[in-house]
Each structure stands twice: as C-alpha cells, then as structure tokens.
Amino acid sequence: MKNDQPPRINLPAFLFAVLLAALVAGCGGTVDNGHAFLVQYASQWQATPIAGRAFPYATPGAASKPNDKTKVIQPVGPGGQTSTSRTLQPASSNQAVPRAKVFIDPGHGGVDEGTSGTTEDGTRITEKATTLAVALRTAEFLRADGITVTLSREADSLPGLPATAYADDGTILTPDGVLADLQRRIDAANASGASVMLSIHFNAYSDPSVGGSETFYDPTRTFSADNQRFATLVQSSIISSFHAHGYTVPDRGITDDTQLQAEDFGTLPSSYNHLVLLGPELPGRLRPSNMPGALSESLFLSDPAEATIISQPSVQDLLARSYADAIEAFLKGQSSL
C-alpha cells in the first residue's frame, strides 16, 4: 500500500489536514499505512500520483520504530548471479496440521494495483501482482503440508463486485466499492471456516530510502491475544528468513491498528481506527472476520533495493515460505485444532 507520511509518526491534526489536501492519499508506512479503512486501495482517488502513496484512510500512530533503514544486501549465487530457484518443498519438516484451514488475502487486484515501485534496473512492479505471486506460492507450501487454503482472489481481478462498485469510467472503485470489496474478502474468509487469516501487502513511502518489514493486528477483538501472537510469528519469521539469506531488511516490528488515525470520507466513522479486514463490527455497516488474523507489509516497493529483491522469484519463495512457517507455527499452538 502506500504511505506518504513519516512511517509511524503521529502528526498533529492540522498538519494531517494539510498533508491530505496536498497529497490526497497518505497511507501509513505500515499498513500501507493508509488503509485503516481501505486497507488496500493505494493508487486510486489521488489528486497527484506519488510513488508509495495509499488511499488516505489512516496515518501512523505515536509509538514508532526508528525511521532509518539499513540498505538491503542482495546475496548472489555462483558466478555472481542471483538465485531464482523455485523448487517446491514443504513449508516445514512436520506436516502437523492437516485438518487446518487457512485464508490468504493477496491485497488489491483488478483495477486497483495498490502501490508500485521501480527496481534498480528500472523495471516497474506493482503491489497487486507481487501480493498475488507470493500468496499463490504460500498456498502451495501449505497445501504440500496437507492444509486447506482459500484465497480471496487467484487472478488479477476483484471477483463478485457489482458495476455500482466502480466509478463511471470503470477504472477505479468508489469508496463504497472499496468497502464492498473488503467486505467480500471478510465474508469469503468466514465462509471458508479458516482458523487464521493473513492479508499480504507491500508498503511505500515518499522517501525511497525508507524500508523494512512490519505486521499489523487488531487488539480489540475477543481473540486479540491470538491476533498478537500470530502477528509476532509472522514478523519474526519474515525477518529471520531475510536475515538468514543475507538480506538486511529492517525490522519495524508489530503494530496494533488502533494506532492508526482513520478518516471517514463519508464512508466509515472517523472513530473506527482499525483495519477493516481485521477490525471489529460496525452494526449495519460492517460484518467482522470470525478468526484471528494479521496484515503483513513485508517490504517497501518505493525503495528500489527492496523492490529489486521482491521482484525475484527466489525471494518471493523465501517470503512465501516464511509466511507458511508462521501460519503452521500458529496453527500448532491452537488448542482447538
């Protein structure tokens, strides 16, 4: 998603208003941090396109990690070539949770590409394509271990949305259309009977030197302890995997979504400071998810170094495997399975 405000720094209300007027789309460096409400619609509804900006529905909260990042180190294989191996292996050595069901949400899709970035060789990559590639690979790893996986989308589309969800020219979703798509994803997760939900996104920021990985959870649900545990497992697995393979990706930690400051824009009340996919019910307006979940922003596409590594199939595999490992670790700790 996108963020056009200092990652996780709480701005005064007046400055936030000024930024919104000037940027019309600041998503937090975290949650694509602009998606407290519309967690996924970074590139639509912007007056001026700026790389790494998201739909303006939230700004980062106060308790923040340092903003500086260490440059990503890109390991290479024999002869100086980056490895692109995609050999399928089980996500873990123990096929311990064959009865489990998992829901994976690749952010964005169809007319909404999310954020985008440019690799060091000038190749443009989009969030919607990268989230889908990683999600499909994560599902492969989990299914290899006997786990049932449902995805919110399996192609570059937003399935099931009526024509009224789109603007007149059909090129973007309306605010109500965005909410309808988020509700569609929640309903699909509930219908799947999944024990856990993971929403996959990539971040962006106006300063291309900002990068790192961050995971979000909601602390207000009845299963908030499981939300936090799952977010911790996801974040730890991502950082451990990157570092073990020589990538010095900054660890931005886990963040509860109540630190996001939502704007209503005539769609949701400004008091709803949650990510829609993870947050509580709004009677008559929003049906909530029924299972623990987390939203991952594993890298910044606005950082050319991080865009470069995630464009590589081998790194997409690495990230997918880290997601699968975190999901399996979480499921093994669930007494209900």
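Ranked highest first by the average count of other Cβ atoms within 10 Å around their residues, in what order do 171-184, 287-300 fall?
Details: 171-184: 19.1, 287-300: 25.8.
So the order, starting with the most tightly packed, is 287-300, 171-184.
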- Check Asp145: other-chain or 5+ apart residues with amide H under 5 Å from its amide H, H built from backbone geometry? Ala91
- Roughly what would the spin-label model give for Ala244 and Asp156, points 7 Å off Cα along C-beta, in nm? 3.3
- Query: Amide H of Gly212: which non-local residues (sequence gap of 5 or more, or other chain) have their own amide H closer than 5 Å, using H built in the peptide plane?
  - Reply: Phe300
- Cut-off under 5 Å, modelled amide H: who pairs with Ser270 long-range: Asp264
- Note on the structure: Applied in sequence order to region 166-179, the curve 6.51 cos²θ - 1.76 cosθ + 1.60 (Karplus, θ = phi - 60°) yields integer Hz couplings, x standing for Gly and Pro, of 9, 5, 4, 8, x, 8, 9, 8, 6, x, 5, x, 4, 4
- Note on the structure: Along region 129-141, Karplus-curve 3J(HN,Hα) (6.51, -1.76, 1.60; θ = phi - 60°) to the nearest Hz, with x for Gly and Pro, reads 6, 6, 4, 5, 4, 5, 5, 4, 5, 4, 4, 4, 4
- Note on the structure: Here region 105-114 yields Karplus 3J(HN,Hα) values (6.51, -1.76, 1.60; θ = phi - 60°; whole Hz; Gly and Pro given as x) of 10, x, x, 6, x, x, 5, 9, 8, x
- Which distance in Å, rounded to a whole number, links the C-alpha centroids of region 167-202 and region 229-251? 26
- Query: Regarding region 188-244, what are the three Cα extents along the principal axes, ordered largest first, in Å?
  - Reply: 39, 26, 22
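All of the numbers you see were taken from the coordinates with simple rules; none came from a lab. Predicted model, so just to flag it, every value in this text is computed and none were measured. Glycine also receives a Cβ, built like all others from the backbone with ideal geometry; neighbour counts cover every protein chain displayed.
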